[in-house]
Amino acid sequence: MSTIGSFEGFQAVSLKQEGDDQPSETDHLSMEEEDPGKDPMPRQISRQSSVTESTLYPNPYHQPYISRKYFATRPGAIETAMEDLKGHVAETSGETVQGFWLLTKIDHWNNEQERILLVTDKTLLICKYDFIMLSCVQLQRIPLSAVYRICLGNFTFPGMSLDKRQGEGLRIYWGSPEEQSLLSRWNPWSTEVPYATFTEHPMKYTSEKFLEICKLSGFMSKLVPAIQNAHKNSTGSGSRKKLMVLTEPILIETYTGLMSFIGNRNKLGYSLARGSIGF
């Protein structure tokens, strides 16, 4: 690949008119380059060429080598997952997938979990997908007609909590948290939690493709109309419920958070390359 702004292999050529004995500007540059005692101008030229490169070829995505550790970013991994899940939905329910997203789920113990989300005409599907073996490990189905509240806001924790996180999240309710049992609330592996909390995947800025499927705003723009349509078409006892979309802090009720501290720092909830084992 050629490099913009490189002066190697080129020599300055002065253009003089007949009878003009005054050295031109290029002559000054050439003489100063030959003089080892004067080097401000060559340095200035080098800096300017570097600025030219960054201006012509801006790179909005930072640290691309880190993305290679995540199996979701490997070539063909996301495409294979999409085809697998679309085929499964078509075979089992006959529904049409309206959207596909890669987000991070945050459970009630503040543990991060990599998840694929799909929205159909009637269902929200939350999939735990193994990007190493390219297979669906767990699939949770939530009827859209049962979702009655969506909250978007910053994460908050109890005042005495030792494990806190920054940033914005999205919480989807299909049941009342007050009806959740005490055992389920304090069980880190409980699957009876009547809500789900999501935030953007850490590989959002890897490429333009991931920028689209990892955005909470894009997910919201598809989810809200789908829920509203499901409520209109629902004939059950809860069909009179209206969807509430609120902007408020999202509380994660953890205090010590030792398990989430270890898991989140080591990205245990992601399909991640963790180095070679053996010799």
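Quick look at the values:
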{"quantity": "For the range 62-264, accessible area per residue (1.4 Å probe, heavy atoms of protein chains only), Å²", "calculated": "53 Å²"}
{"quantity": "Rg over Rh, two decimals, the range 130-201 (C-alpha only, Kirkwood Rh)", "calculated": "1.00"}
{"quantity": "Residues whose placed amide H lies under 5 Å from that of HIS108, excluding near-sequence neighbours", "calculated": "none"}
{"quantity": "The range 152-275 - Rg over Rh from alpha carbon coordinates, Kirkwood radius", "calculated": "1.00"}
{"quantity": "Rounded Å value of the spacing that divides the Cα centres of the range 69-104 and the range 131-167", "calculated": "19 Å"}
{"quantity": "Solvent-accessible area, 1.4 Å probe, carbon plus sulfur percent, for the range 62-264", "calculated": "54 percent"}
{"quantity": "Ordering of 201-211, 166-176, 105-115 by burial proxy (mean other Cβ atoms within 10 Å per residue, highest first)", "calculated": "105-115, 201-211, 166-176"}
{"quantity": "Relative contact order for the range 62-264, counting Cα pairs under 8 Å that sit 6 or more residues apart, in percent", "calculated": "26 percent"}
{"quantity": "Ranked by how many other beta carbons lie within 10 Å on average, peptides 70-78, 141-149 from highest", "calculated": "141-149, 70-78"}
{"quantity": "In nm, spacing of pseudo-spin labels at LEU243 and MET133 (7 Å Cα→C-beta vector)", "calculated": "3.5 nm"}
{"quantity": "Listed pairs LYS215/LYS242; LYS105/LYS241; LYS209/LYS241 exceeding 29 Å between Cα atoms", "calculated": "LYS209/LYS241"}
{"quantity": "The range 67-118 - Rg over Rh from alpha carbon coordinates, Kirkwood radius", "calculated": "1.04"}
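The values are calculated or read from the model by the stated rules, or taken from the named source; none is laboratory data. Only a predicted model underlies this, so the values are computations on that prediction, with no experimental measurement involved. Cβ atoms come from the backbone with ideal geometry, glycine included; neighbour counts cover every protein chain shown. Just so you know, the surface numbers come from the protein's heavy atoms only, side chains and all, with ligands and any DNA or RNA stripped out. Shrake-Rupley method; radii C 1.70, N 1.55, O 1.52, S 1.80 Å.
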